[in-house]
Amino acid sequence: VLQLLRGVQRGSEDRKSSLGRLRWALQNKETQQKFVRLDGSIRTLIGLFTSSLADMQMEAARCLHELSHSSDPAVAEACLPVTSYLLTYLSGHSVEFTELCLYTLGNLVVESEAVRKQLLPQGIIPVLASCIQSPHKAVLEGLGYVLSQLLQAKEAPTEIVPLVLDSVLPQHMLRLVCSGLKAGTGAAVEFAWCLHYIVCSHTANAVLRSLGALPALTSLLLDMASEIPQDAPEGLELLVCPVLRCLSNLLAEETGCEGQIQDERLLIALFLILQSFFQQHPFIVQECLWLLNNLTADEPFFCSALLSLDLLPALLQLLPCSQMAGVLVLTVLCNIAEKGPAYCQQLHHQPALPLLLPALALPDPEVVGQCLELLHLLFLHCPEAAADFVRQGGHRALEQHQSTPELQERVRALLDMVGQPLGAATFSPSHAALPAFS
């Protein structure tokens, strides 16, 4: 390492060759640590990085990029002096050089809080905001990478998100996400995750709603669902996931905003996505069910639409997919049942009870607990459901859980309900609205 550094410092004819060999050597973790401890190592790289020789500048940038991959915070902090130059070179130069600078910055901010604290006063957010107008996909993807790393930092909600909201970034990110199907999904995926991290900070939702985020993301989801049966772009599931999360979190943040997207096509789109990604990308099932829960949590429109569109059988088929899917399906059914007798009667007339009995036999207390919650609502609002439940042997399924500490009180209450004459159910504990998933 020392020999390579001396070869670079001497300015001999083989300097470029030494730089190239150094770049390959810096892919090794131990070499990275040894290099930054050598006197003048970073200073030498900065000198070449800021030189007027384009080929030397590019090789030095590649060496710095290799260093930025280190998971050792000491290596990242050794690179602190180069951060201001990286920002400067984001304007101008070649697309490849700009892209290299962006990914180097993104790697450095992941590992070091000191680097992040230095970059914020240096104006990284305004500089990144100027880059978002670039026509080059590679630059936009690199920009999305830097922003997503910054927005995941522990100090992001208080120190980074406010700066992002004060810039032009949110509206441009939303535009690029919604044009993802036409412009290629790479940058759109990065910016969709950026929007998700902003929403999770709970300080930005009013700004995003004012920019029309809910209708824009809903429209994008409809477009993506329409693309799936035809010629879906590769990696579409990577864009579907953060878009679903953004919508879910925007809906979870404040009740009443669901009214802005009372469109039953959204439910059809969700079930198309569920059907298409169920086998190859099962993680999408959970994301869809989170959104479905938040759509039905307080708003009767989507509960009615789910029943009138005859989507309940497709929803019930997801019960055995996984523990989390089971809980979410049952939670959505509870959201519907909470709306009162008319909804519970429709649930009863659908093949709900026969599918709930296997759920009661599962060993998972959370799934069983949510099933008990649903049964209580059904029996309360639709007493004939209690009678049918007994006829199907449901009371025996309940009795299996009488000795489970966290379930036994609710089991006893339900057994009391089904033991009463038809129409005489009186047990009615207070039932708070279910929390929205986020």
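The values are calculated or read from the model by the stated rules, or taken from the named source; none is laboratory data. Just so it is clear, the model here is predicted, and its values are computed rather than measured. Heads up, the Cβs are rebuilt from the backbone with ideal geometry, glycines too, and the neighbour counts pull from every protein chain shown. These accessible areas exclude ligands, DNA and RNA; they are computed on the full protein's heavy atoms, side chains included. Shrake-Rupley method; radii C 1.70, N 1.55, O 1.52, S 1.80 Å.
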Once the dipole of segment 1-89 is set up with Lys and Arg at +1 and Asp and Glu at -1 on Cβ about the Cα centre, which of CYS79, TYR89, GLN32 lies farthest towards its positive end? GLN32
With GLU373 itself left out, Lys, Arg at +1 and Asp, Glu at -1 over residues whose Cβ is under 15 Å from its Cβ give -2
Treating only the Cβ atoms of Lys and Arg (+1) and Asp and Glu (-1) as charged, compute the dipole magnitude of segment 262-420 about its Cα centre; round to the nearest 20 debye. 300
Counting only protein heavy atoms and using a 1.4 Å probe, what share of the accessible area of segment 160-204 belongs to carbon plus sulfur, as a whole percent? 59
Cβ-based charge dipole, the chain, positive-most Cα from CYS63, LEU360, VAL285: CYS63
With the radius of gyration and the Kirkwood radius both derived from the Cα set of segment 94-139, what is their ratio Rg to Rh? 0.99
Placing unit charges on C-beta atoms (Lys and Arg positive, Asp and Glu negative, everything else neutral), compute the dipole magnitude of the chain about its Cα centre in debye, rounded to 20. 1260
Length gain on complete extension for the stretch LEU38 to GLN9, per 0.36 nm per residue less the alpha carbon to alpha carbon distance? 9.2 nm
Send over the per residue convex hull volume for segment 1-89, Cα only, as a whole number of Å³. 81
Spacing of the two label points (7 Å from each Cα toward its C-beta) at GLN280 and GLU113, in nm: 4.2
Once you put a point 7 Å from the Cα of TYR85 and another 7 Å from the Cα of SER17, both along the Cβ direction, what distance in nm separates them? 2.4
Cα-based helix-to-principal-axis angle, 236-253 vs the chain, degrees rounded to 10: 60
Would you work out which of LEU236, LEU398, VAL115 lies farthest towards the positive end of the dipole of the chain? Charges go on Cβ: Lys and Arg +1, Asp and Glu -1. VAL115
If you roll a 1.4 Å probe over the heavy atoms of the protein chains, what accessible area per residue do you get for the chain, in Å²? 43
Does anyone have the angle between helix 137-151 and the longest principal axis of the chain? Alpha-carbon axes, 0 to 90°, nearest 10? 70
Quick one: if you take sqrt(5λ) for each eigenvalue of the C-alpha gyration tensor of segment 262-420, what semi-axes come out, biggest first, whole angstrom? 26, 18, 12
Each residue of segment 204-212 in order: what ³J(HN,Hα) in whole Hz does its phi give by Karplus 6.51 cos²θ - 1.76 cosθ + 1.60, θ = phi - 60°, with x for Gly and Pro? 10, 5, 4, 5, 5, 5, 5, 7, x
Helix 95-111 versus the longest principal axis of the chain: what angle, 0 to 90°, nearest 10, using Cα atoms? 60
If every Lys and Arg gets +1 and every Asp and Glu gets -1 at its Cβ, then about the Cα centre segment 1-89 yields a dipole, in debye to the nearest 20, of 160
Within-13-Å neighbourhood charge of THR104 [Cβ basis; K, R +1; D, E -1]: -2
Can you check what the net charge comes to around ALA325, using other residues whose Cβ is under 13 Å from the Cβ of ALA325 (Lys, Arg +1; Asp, Glu -1)? -3
Relative to the compact-globule estimate 2.2 N^0.38 Å (N residues), the Cα gyration radius of the chain stands at a ratio of 1.26
On a straight-distance basis, which lysines could pair with LYS16 in a cross-link, Cα separation under 30 angstrom, same-chain partners fewer than 8 positions away excluded? LYS29, LYS34, LYS137
